[in-house]
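Enquirer: Below is the structure I would like to discuss, written out as structure tokens.
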Amino acid sequence: MAELIESVEQQIIVEQQPTKETSQEVKHSRSGFWFGLIILLVIAIVTGAGYYFLSQLRDKQEGLGGEVKGAVSQQISDYQSQLAAIQSQLAAVQTEVGNKEAHFNNTVTDFSKLHGEKLDATRKELLEEIQKLQRQLGKTRGDWLLADAEYLLSVANQRLLLMGDVNTTMEALEAADQRLRESGDAAAYKVREQLAKDISAMSKINAADIVGVYADLQNLESQVDSLTLLLPYAGKNETVKTVPEAKKDPKDLIGQLETMVTIRHVQQHVDEILTPEQAQFIREQLRVKLEIIKIALVQQNDDLFQKSLADTQKWILGNFAKEKEANHFLAALEKLTDVRIRTQFPDISLSLKMLRDITKLRIETDKALSNTSAVKTENETAPAQQ
């Protein structure tokens, strides 16, 4: 189109120049002028139409661009809102993760602290045990003898206070004194001096033979069935052996009757005949009373022991016949009434306390020996100075 405009302008310029052509050429130039003018009009029309269509196209593009821009902006706003929601969710998740992480860290810290405390306690116990083993391994024979003597004195105190066993207590005290003598420790001299006093005090005790008395009561309990009841009762049903008819003899029948029937003279009036259950109850009551006596003996309850003996004697006199077995039974019970099972025991715990403080005694002994050596040195140097 630019080339076409340039050609029209050149023709116009050519027409304006003066020429020496003929009139025919002038006509021809006028027709070219109109032709060019028409062309210019066509070009103007085409240009206007193009401009019009171009403006329409531009308007449509702007409308489409606005719609696209609105849709895009709407989508962008939607995306932004979704992104904001995602960011809020992400922040919530991060907060929750942070809380869980803090809780986990606190739990791990507490567990670590508790584990550390247990580990320290275990380490401390192990160190104490190791030190104890080292002390045990580092002990000399004298230390072992002192430890053995301490154990024997502890046993002696327990046997005397809890069980009243004088014999065992004496043996333990003597054995402890022997261990102290063999140890050769100078500090054990004071302990042995106290042990001599304790042994002397124990030798003056006249303690009851608890084991012997218990054995006597066991023997009496086994004799309960041999005692005869004061009142008659229906005895056990004896099985009678049948004798063949050919061998029956009157003398044999009389002998069998004598073994089956016992005739006993009773001095007092008989009001009733006991049943087997009543007879068994009387014997069982006697056994129960003997058991109470044994319990009082083991518990060293002197009052209960004496009262139970008197109650048992009264029960025998009221329910059993005064025959040989019953008299022997009563004599044995009367002998037990002279027994005093509770004895005032001396205090023998001082020697054990002294032995447990052997370190203090060693310090005192060392001081005494150093003072004695200092006095000897002064006495020896005094004549030399004179």
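Enquirer: Would you please give the FRET efficiency between V211 and T359, computed as 1/(1 + (r/R0)^6) with r the Cβ-Cβ distance and R0 = 41 Å, to the nearest 0.05?
Expert: Working from the Cβ atoms, E equals 0.55.
Enquirer: Near I358, within a Cβ-to-Cβ distance under 9 Å, what is the net charge of the other residues, with Lys and Arg +1 and Asp and Glu -1?
Expert: It works out to a net charge of 0.
Enquirer: To continue, here is another question. For the range 303-336, list residues with backbone N below 18 Å from a point placed 7 Å from the Cα of T228 toward its Cβ?
Expert: Within reach of a label on T228: 316-331.
Enquirer: With charges only on Cβ, +1 for K and R and -1 for D and E, what is the dipole size of the range 161-201 about its Cα centre, in debye, rounded to 20?
Expert: 160
Enquirer: Can I ask one more? Compare the peptides 76-87, 279-290 by average per-residue count of other Cβ atoms within 10 angstrom and give them in order, highest first.
Expert: 279-290, 76-87
Enquirer: Taking a 20 Å limit on the Cα-Cα distance, which of the listed pairs K204/K335; K314/K335; K294/K314; K190/K353; K190/K360; K190/K367 fall beyond it?
Expert: K204/K335
Enquirer: Going by average Cβ density within 10 Å per residue, which order do the peptides 144-151, 312-319 take, highest to lowest?
Expert: Peptide ranking by packing, descending: 144-151, 312-319.
Enquirer: Explain nothing, just the number: relative contact order of the range 150-205, from Cα pairs under 8 Å at least 6 residues apart, as a whole percent.
Expert: For the range 150-205, the relative contact order is 32 percent.
Enquirer: Let me ask something else. Would you tally the net charge around V211, using a Cβ to Cβ cut-off of less than 14 Å, leaving V211 out, and scoring K and R as +1, D and E as -1?
Expert: -1
Every number here is computed from the coordinates shown, using simple stated rules; none is lab data. Keep in mind it's a predicted model, so treat the numbers as computed, not measured. Using ideal geometry, Cβ is built from the backbone for each residue, glycine included, and neighbour counts are taken over all protein chains shown.
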